[in-house]
Each structure stands twice: as C-alpha cells, then as structure tokens.
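A.B. asks: Structure in structure tokens, see below.
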Amino acid sequence: MIREDAADFIRLQKENNCYRQLSSPREKKSGGEAVFFCDFSSNDYLGLSSHPALQEAAEKAVKDFGAGSTGARLLSGDNRLFHELEEKTAAFKGKPSALIFNSGYHANVGMISSLCGPGDVIFCDRLSHASMMDGILLSRARFFRFRHNDAAHLESLLESRRKSFRNALIVTESVFSMDGDIAPLRKLTVLKEKYDALLYVDEAHATGVFGENSAGMVEECGLTSKVDILMGTFGKALGSFGAYAASEKVFIDYFINKARSFIFSTALPPSVIGANLAALEVVRKESFRRKNLLERVLYFRNRLRKLNIPVSSFTPIMPIILGKEEKALDISLRLREEGYFLPAIRFPTVPRGQARLRLSLTYLHSVEVLEKFSEKLCNILKDSA
Ligand SMILES: *Cc1c(COP(=O)(O)O)cnc(C)c1O
C-alpha cells in the first residue's frame with residue numbers, strides 16, 4: 001500500500017511538472033570531463049565557502065578536536081569552540097546570549113515548537129519557510145497565517161484572535177528566501193508590543209549581507225532590542241553550516257532544556273564550528289564583500305529592468321516569476337544549455353502557479369559575467385514569451 005502510494009505520488013509529481021531530481025552545478029559530462037556551470041542559485045552571497053580562512057580554520061579544528069563531536073552538546077559533544085562561537089555570535093547580533101543549532105531547520109523546528117503549546121497562538125507570514133511551518137505544526141498551538149508582508153492583515157487577526165489565547169508568537173523571515181523582499185519589521189515590533197506577543201525573526205538570508213556590522217536586516221532597521229528572538233544560519237552568506245539563536249539568557253537556557261532538536265541530536269563537528277568562527281571574523285574584517293555585493297545588486301537590478309525583465313527586489317535574491325511550472329522548467333533547461341545553473345523553483349517551495357527562477361547574486365559574480373548573463377536571459381525569455 002505504502003509502496004503503491006509512493007509510486008503514485010511520484011507519477012503525479014511528474015505529470016504536474018513538480019518532480020524533483022538531484023543535480024549539481026558541478027556536473028560531469030559523459031566523457032568524464034568536468035563542466036562547471038556559472039551558478040546563479042547559490043546562497044554563498046559573500047563567497048565565503050571558498051575563503052581560505054574558513055578552510056584553514058576547519059582543518060585546524062579537525063586537528064585539535066577530531067572529525068566528529070562524539071555526542072549531543074548536553075552529553076559528550078560540547079567543546080570550547082562552541083562556547084567561543086556562541087559568545088561571538090551574541091556580540092555579532094547585539095543580544096546577551098546565543099545558542100548554536102545543527103541547522104536552520106533544527107533551529108526553527110526546535111525553538112518554535114518549544115515556545116508555544118496548546119492554548120497558545122502563533123501568527124506567521126504566509127510565505128514563511130517550511131522549517132518554521134513545521135515548528136508551528138509540532139507545537140500544537142493554534143496558528144493563523146497573515147498575508148505576505150501585510151501588517152494590516154496581521155493586526156486584524158491579532159485584534160480578533162489574540163485574546164482567546166494565553167501566549168502569542170509572531171514569526172516571520174526578515175529577507176524572504178524565495179522572493180527576496182523584506183518584512184515590515186518596524187510595524188511588526190509595534191504590533192507585538194500592542195498585542196502582547198513575542199516576535200521571532202528568521203534572518204537566514206539577511207545575516208552577513210545587511211546591517212552596519214553585517215548582522216542582518218533587523219540591525220539595518222535598528223530594531224535589535226525590539227525583536228525577542230533572532231534566528232539565522234551559518235550556511236548561507238557565512239559560507240559554512242549550522243544555525244544560531246540570539247536572545248535573552250532566559251530563552252537560551254530554555255531552549256537548552258526544552259528544544260528537542262537541540263537536545264536529541266549529535267553536535268556539529270569541530271570543523272564546522274571552526275569555519276563558523278572564521279566566518280564571523282572575515283565578515284567583520286572584509287565588509288567590502290557585502291558592500292560590493294549590494295552595489296552589484298543595484299547595478300544588475302537596473303540592467304534587468306532596462307531589458308524589460310521585471311525585478312523588484314533590492315536584495316541578492318531576485319526572483320523572476322514565470323507562472324507555469326512547465327515554463328520555469330523549460331527556461332531553466334535552456335539556461336543550463338548555455339552554461340548557467342538556475343533550477344526552477346516550484347510548488348511546494350512556492351505556491352502553485354508561481355513557479356520561478358530564483359536568481360541569486362553573490363560577491364563572486366563579476367560585472368562581465370552579469371552583463372553576458374543578462375543578455376542571454378533576456379533572449380531566452382523573449383524566445384519563450
Ligand atoms: C535555508 C533556510 C532555513 C534552513 O536553514 P538550514 O541551515 O539550511 O537548515 C531556515 N529558514 C530560512 C528562511 C531559510 O532560507
């Protein structure tokens with residue numbers, strides 16, 4: 001029964017052009033000769049994944065502490081690198097305390113599910129990442145989704161629903177992963193005060209890219225003290241892997257004692273923590289990376305608009321919404337033939353009928369590459385219109 005259902009599901013995914021396959025931007029041709037695609041899908045916004053400082057720090061950590069952590073943090077898995085990283089992360093984010101999670105997925109699932117329970121209520125942006133949604137479902141709190149970036153809709157939900165519940169939590173991303181747009185953070189901080197809720201912000205795509213100290217969009221907006229729990233990852237702009245929470249000490253203590261994804265999983269290996277420490281250092285010392293990237297975002301945005309390719313984003317994530325899943329697949333395939341890697345993003349990552357190319361810029365894309373690419377993209381889009 002389960003086997004037949006699985007086969008049926010796969011068949012349906014194929015019929016709906018939603019079937020997913022693994023494919024790498026570093027593929028091998030049949031002849032064995034390696035082909036490198038020009039990657040426009042990566043989250044390595046600052047190019048740190050190939051930075052020698054991160055690689056050397058990872059190697060040194062392996063030599064000093066071994067290849068694996070040997071256990072969960074609360075058992076044998078802890079070491080001084082974690083504490084150093086947590087101190088530096090707290091300082092980086094401007095909060096009293098921080099905690100490392102194995103991934104952003106672990107962080108969102110673990111924290112959101114432990115902050116609320118039956119009798120509580122969670123309000124979340126409709127387009128919040130799957131890991132936040134899973135945390136919400138696991139919490140067994142009631143939840144309401146507000147229209148994307150629509151603070152007025154959130155307020156009407158708070159107005160009508162808040163009073164029937166004990167605790168309330170508002171969750172959002174700061175820079176949205178698939179749309180590259182920015183949450184109305186200031187309004188959310190006003191609403192959370194007015195309706196006695198906690199505010200939880202996922203900075204996965206903002207960490208390292210925005211803010212005077214590269215801490216994220218919340219820093220950029222001057223709202224650090226108003227957001228109760230800041231979450232972000234080391235796997236995107238910071239070039240390595242893992243995630244963090246930054247908050248008051250009471251919440252960090254609470255997560256150590258309550259978040260199941262923290263308690264019941266082997267701690268990250270020393271190499272990763274070493275690389276993350278180096279990443280924070282590089283972000284601090286090489287702020288030109290983030291500044292160059294943001295200049296290039298504006299340059300590329302203007303260029304695409306001149307070519308009549310509608311992009312509205314001011315962040316490195318610039319989706320080109322194509323609608324039908326089939327169309328997104330077709331254009332992605334044609335770009336691949338030209339040597340560009342941009343997988344089609346489809347349901348359930350984005351709503352049905354809003355299939356897109358999720359174009360992301362990084363520090364490593366030169367102006368020449370951007371020029372050539374935008375022309376190719378323009379021709380292919382025209383061709384398939
Ligand atoms: C990538 C992402 C996560 C998950 O982080 P991982 O470290 O990759 O598990 C969570 N939230 C958002 C918004 C993301 O884009």
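A.B. asks: Can you give me the number of residues within segment 340-385 that are assigned to a strand (DSSP E or B), closer than 24 Å to SER50 by Cα and small (Gly, Ala, Ser)? Please lay out each step first, then the result.
C.D. replies: Going through segment 340-385, the residues assigned to a strand (DSSP E or B) turn out to be 340-341, 344-345, 355-360.
When the remaining residues are screened for being closer than 24 Å to SER50 by Cα, the result is 340-341, 358-360.
Still in the running and small (Gly, Ala, Ser): 360.
Counting residues in segment 340-385 that are assigned to a strand (DSSP E or B), closer than 24 Å to SER50 by Cα and small (Gly, Ala, Ser) gives 1.
A.B. asks: Then there is this: Filter segment 200-217 down to the residues that are within 11 Å of the ligand (Cβ to nearest atom) and assigned to a strand (DSSP E or B), then identify the one that is farthest from SER360 (Cα to Cα).
C.D. replies: Step one: filter segment 200-217 for residues within 11 Å of the ligand (Cβ to nearest atom), giving 201-207.
So of that shortlist, the ones also assigned to a strand (DSSP E or B) come out as 201-202.
Values: VAL201: 21, ASP202: 18 Å.
Applying the filter and picking the extreme gives VAL201.
A.B. asks: Okay, moving on. Would you point out the residue of segment 331-354, among those that are polar (S, T, N, Q) and over 17 Å from ASN43 (Cβ atoms), that is surrounded by the most Cβ atoms within 10 Å (Cβ to Cβ)?
C.D. replies: Residues of segment 331-354 that are polar (S, T, N, Q), as a first pass: 332, 349, 354.
Those still in the list that are over 17 Å from ASN43 (Cβ atoms) too: 332, 354.
On the way: SER332: 22, GLN354: 19.
Going through the qualifying residues, I end up with SER332.
A.B. asks: Give me the pairs, please: first residue somewhere in segment 230-242 and within 17 Å of ALA58 (Cα to Cα), second residue anywhere and more than 7 Å from the ligand (Cβ to nearest atom) and among the acidic types (Asp, Glu), beta-carbon distance under 7 Å, and either six or more positions apart or on two chains.
C.D. replies: Partner pairs satisfying both residue conditions: GLY239/ASP44.
A.B. asks: What's the total number of residues in segment 238-256 that are more than 19 Å from GLY71 (Cα to Cα) and away from the ligand (no atom under 16 Å from the Cβ)? Give the derivation first.
C.D. replies: Step one: filter segment 238-256 for residues more than 19 Å from GLY71 (Cα to Cα), giving 238-240, 245-254.
If we keep only those that are away from the ligand (no atom under 16 Å from the Cβ) too, we end up with 247-254.
Result for segment 238-256: 8.
A.B. asks: Then there is this: From ALA275, ALA259, ALA279, grab the single residue that is within 30 Å of GLY117 (Cβ to Cβ), within 16 Å of the ligand (Cβ to nearest atom) and not acidic (Asp, Glu). Even if it seems obvious, please write down each step before you answer.
C.D. replies: On the way: ALA275 fails: within 30 Å of GLY117 (Cβ to Cβ); ALA279 fails: within 30 Å of GLY117 (Cβ to Cβ).
Result of the check over ALA275, ALA259, ALA279: ALA259.
A.B. asks: Inspect all residues belonging to segment 95-112 and state whether any of them is among the basic types (Lys, Arg), away from the ligand (no atom under 16 Å from the Cβ), closer than 21 Å to ILE170 by Cα and surrounded by 19 or more Cβ atoms within 10 Å (Cβ to Cβ).
C.D. replies: We begin by selecting, within segment 95-112, every residue among the basic types (Lys, Arg); these are 95.
Imposing the further condition that a residue be away from the ligand (no atom under 16 Å from the Cβ) reduces the set to 95.
Okay, now just the ones that are also closer than 21 Å to ILE170 by Cα, so 95.
Imposing the further condition that a residue be surrounded by 19 or more Cβ atoms within 10 Å (Cβ to Cβ) reduces the set to 95.
For segment 95-112, residues among the basic types (Lys, Arg), away from the ligand (no atom under 16 Å from the Cβ), closer than 21 Å to ILE170 by Cα and surrounded by 19 or more Cβ atoms within 10 Å (Cβ to Cβ): present.
Every residue, every condition in (1) without any contact (Cβ under 8 Å) to a residue 24 or more places away in the chain; (2) out of contact with any Gly (no Cβ under 6 Å at 6 or more places or on another chain); (3) outside any helix (DSSP H, G or I), yes or no:
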{"residue": "GLU219", "(1), (2), (3)": "no, no, no"}
{"residue": "ALA246", "(1), (2), (3)": "no, yes, yes"}
{"residue": "SER261", "(1), (2), (3)": "no, no, no"}
{"residue": "ASN292", "(1), (2), (3)": "no, yes, no"}
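A.B. asks: All but one of (1) away from the ligand (no atom under 12 Å from the Cβ); (2) within 17 Å of the chain's Cα centre (by Cα); (3) under 28 Å from ILE136 (Cβ atoms); (4) of a type in the set (Gly, Ala, Ser) hold for GLY235, so report the exception by its number.
C.D. replies: Here GLY235 meets the rest and fails (1).
A.B. asks: Does GLY180 satisfy the condition of being within 14 Å of the ligand (Cβ to nearest atom), on the phi > 0 side of the Ramachandran plot and assigned to a loop (DSSP other than H, G, I, E, B)?
C.D. replies: Here the answer is yes, as GLY180 does meet what is asked.
A.B. asks: Looking at segment 44-150, what helices (runs of 4 or more DSSP H) fall wholly within it and have at least 2 residues that are in contact with an Asp or Glu (Cβ under 6 Å, 6 or more places away or on another chain) and without any contact (Cβ under 8 Å) to a residue 60 or more places away in the chain?
C.D. replies: Details: elements: 52-65, 80-93, 104-115, 130-139.
Qualifying helices (runs of 4 or more DSSP H): none found.
A.B. asks: Could you please let me know if ILE331 is of a type in the set (Val, Ile, Thr), under 30 Å from ASP125 (Cα atoms) and either modelled with pLDDT of 95 or more or not in a strand (DSSP E or B) (or both)? So that I can check it myself, show each step before the final result.
C.D. replies: Working: of a type in the set (Val, Ile, Thr): yes; under 30 Å from ASP125 (Cα atoms): yes; either modelled with pLDDT of 95 or more or not in a strand (DSSP E or B) (or both): yes.
For ILE331, the condition - of a type in the set (Val, Ile, Thr), under 30 Å from ASP125 (Cα atoms) and either modelled with pLDDT of 95 or more or not in a strand (DSSP E or B) (or both) - is met.
The values are calculated or read from the model by the stated rules, or taken from the named source; none is laboratory data. Keep in mind that what you see is a predicted model, and the values were worked out from it rather than measured. Note that each Cβ is placed from the backbone with ideal geometry, even for glycine, and that neighbours are counted across all protein chains shown.
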